[in-house]
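Notes for the one structure printed next.
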Amino acid sequence: MAGRMKFLFAGLLIALAVGYLIVSNTGSSAHYFLTLEELQAMGSDALHRNITISGAVLGETIVYYAAKPEVRFTIVQIPGDPQEIERAGGLATVLHNAVNDPDAPRLEIVYADIKPDLLQNEAQAIIRGQLGEDGRFYADEVLLKCPTRYEEEIPAQVESN
């Protein structure tokens with residue numbers, strides 16, 4: 001009987017440890033990216049760390065150097081909470097409002113690669129890289145989403161005779 005209790009106790013401890021690991025890892029990975037405000041709040045702790053950020057592309061700042069290749073552009077603060085985005089009217093509205101807000105936090109991005117096709121004004125950019133000491137964000141990867149490009153059109157009705 002004492003042997004069974006030891007195994008039961010050991011099994012319970014293992015189950016609790018696994019449960020703790022699942023909960024703690026789910027909580028830390030649920031926050032996929034930082035907003036610009038969160039990045040700024042990190043201060044010097046953000047320097048040279050691998051970080052993922054998100055923002056709206058400010059189209060007038062896109063500069064492409066084909067000879068290098070390198071592209072530079074600025075992103076503008078957008079909310080990180082999906083529910084806040086929905087309350088504000090959806091992603092397209094949030095992106096539009098962000099690029100037209102002169103007081104919103106901004107960050108220059110440097111991406112040493114060819115210019116992505118979807119890099120345009122009001123696209124949502126999710127960027128992985130490091131914040132440099134010069135205040136620029138040096139991107140290793142740039143993922144873009146342009147909500148207006150993927151809006152579903154209402155299919156035309158086909159008349160049958």
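Annotations for the structure displayed:
- Selected residue (criterion: surrounded by the fewest Cβ atoms within 10 Å (Cβ to Cβ)) from residues of the range 84-116 that are under 19 Å from ARG72 (Cβ atoms) and acidic (Asp, Glu): ASP113
- Count of residues meeting criterion [in contact with a strand residue (DSSP E or B) (Cβ under 9 Å, 6 or more places away or on another chain), modelled with pLDDT under 90 and assigned to a loop (DSSP other than H, G, I, E, B)] in the range 114-155: 2
- Matching entry among THR26, THR61, THR35 (being of a type in the set (Ser, Thr, Tyr), under 25 Å from CYS146 (Cβ atoms) and at pLDDT below 95): THR35
- Restricting the first member to the range 94-108 and to residues that are within 16 Å of THR61 (Cβ to Cβ), and the second to residues that are β-branched (Val, Ile, Thr) and not in a loop (DSSP other than H, G, I, E, B), the beta-carbon pairs closer than 6 Å and six or more apart or on different chains are ALA98/VAL76; VAL99/VAL76; ALA104/VAL76; ARG106/THR74; ARG106/VAL76; LEU107/ILE75; GLU108/THR74.
- Residues in the range 73-83 that are assigned to a loop (DSSP other than H, G, I, E, B) and surrounded by fewer than 15 Cβ atoms within 10 Å (Cβ to Cβ): ASP81 only.
The values are calculated or read from the model by the stated rules, or taken from the named source; none is laboratory data. The structure presented is a predicted model; accordingly, all values stated were derived computationally and were not measured. Cβ atoms come from the backbone with ideal geometry, glycine included; neighbour counts cover every protein chain shown.
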